[in-house]
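*Asks:* Next up is a structure, given as structure tokens.
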Amino acid sequence: TTTTPTTSVPTTTSTSAEPQMICQATALSLQFGGTDERCSVACNGLARDEWPCAGLCECTLQITTSRPSTSSTILSTTAASTTEGPSERTCTPTPGLPPNGATSSNCQQCADGYPWWPCNTNPAICSCTGR
């Protein structure tokens, strides 16, 4: 596997928003079918002190500001080796245990991650060495 160094690319963004009128129905307005949505529509082009924005709807002017921000993007490239060679692990019957049918040839499949007998016994009847 080959890895190239990472690179940081700074970016700067700046956003600003226009003032926005936020209107909500008051308790009195709710009694007569008023909703926040209806208040927003009605008060969209009216001043805060004009009816229905004064009394039936409670409207506030919301101004959102933001500061420029800087962020970094990390770029990296990794190339994996696709060359497969013979397994560097060697698996053989465990010395000192009865082989219980384990042989050098059927233990060698454990080197490649085979999950079944004879590789999954407890105690292990096959032992592996190497990477």
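The values are calculated or read from the model by the stated rules, or taken from the named source; none is laboratory data. Computed from a predicted model, the values in this text were never measured in an experiment. Please note: Cβ atoms are built from the backbone with ideal geometry, for glycine as well, and neighbour counts cover all protein chains shown. Heads up: the accessible areas ignore ligands, DNA and RNA and are worked out on the full protein's heavy atoms, side chains in. Shrake-Rupley method; radii C 1.70, N 1.55, O 1.52, S 1.80 Å.
*Asks:* Please work out which one of (1) at pLDDT below 80; (2) exposed (fewer than 14 other Cβ atoms within 10 Å of the Cβ) is the condition residue 87 fails and give its number.
*Replies:* (2)
*Asks:* In the stretch 119-131, what residues are open to solvent by 60 Å² or more (accessible area, probe 1.4 Å) and either touching a residue at least 24 places away in the same chain (Cβ under 8 Å) or touching a helix residue (DSSP H, G or I) at 6+ places or on another chain (Cβ under 7 Å) (or both)?
*Replies:* Just the residues of the stretch 119-131 that are open to solvent by 60 Å² or more (accessible area, probe 1.4 Å), to begin with: 120, 122-123, 129-131.
123, 129, 130, 131 - these are the residues of the stretch 119-131 that are open to solvent by 60 Å² or more (accessible area, probe 1.4 Å) and either touching a residue at least 24 places away in the same chain (Cβ under 8 Å) or touching a helix residue (DSSP H, G or I) at 6+ places or on another chain (Cβ under 7 Å) (or both).
*Asks:* What number of residues in the stretch 94-118 are in a loop (DSSP other than H, G, I, E, B) and exposed (fewer than 10 other Cβ atoms within 10 Å of the Cβ)? If you could, list the steps in order and put the result at the bottom.
*Replies:* Initially, the stretch 94-118 is screened for residues in a loop (DSSP other than H, G, I, E, B), giving 94-103, 113-118.
Now narrow it down to the ones that are exposed (fewer than 10 other Cβ atoms within 10 Å of the Cβ): 95-96, 98, 113, 115-116.
So the answer is 6.
*Asks:* Taking the stretch 17-40 as the search range and keeping residues that are hydroxyl-bearing (Ser, Thr, Tyr) and in a loop (DSSP other than H, G, I, E, B), which one is nearest to residue 58 (Cα to Cα)? Reasoning before the result, please.
*Replies:* Looking only at the stretch 17-40, we keep the residues that are hydroxyl-bearing (Ser, Thr, Tyr), and these are 26, 29, 35, 40.
With in a loop (DSSP other than H, G, I, E, B) added as a condition, the list becomes 26, 35.
Working: 26: 6, 35: 11 Å.
The extreme case among them is 26.
*Asks:* State which residue is modelled with the highest pLDDT when the search covers only the stretch 41-82 and only residues that are in a loop (DSSP other than H, G, I, E, B) and among the hydrophobic types (A, V, I, L, M, F, W, C). Show your work before the answer.
*Replies:* Our first condition is that a residue be in a loop (DSSP other than H, G, I, E, B); within the stretch 41-82, this holds for 44-53, 55-56, 63-64, 66-68, 76-77, 80-82.
Then keep just the ones that are among the hydrophobic types (A, V, I, L, M, F, W, C); that gives 46-47, 51, 53, 56, 63, 80.
Numbers: 46: 72, 47: 70, 51: 72, 53: 70, 56: 80, 63: 73, 80: 47.
Restricting to residues being in a loop (DSSP other than H, G, I, E, B) and among the hydrophobic types (A, V, I, L, M, F, W, C), the top hit is 56.
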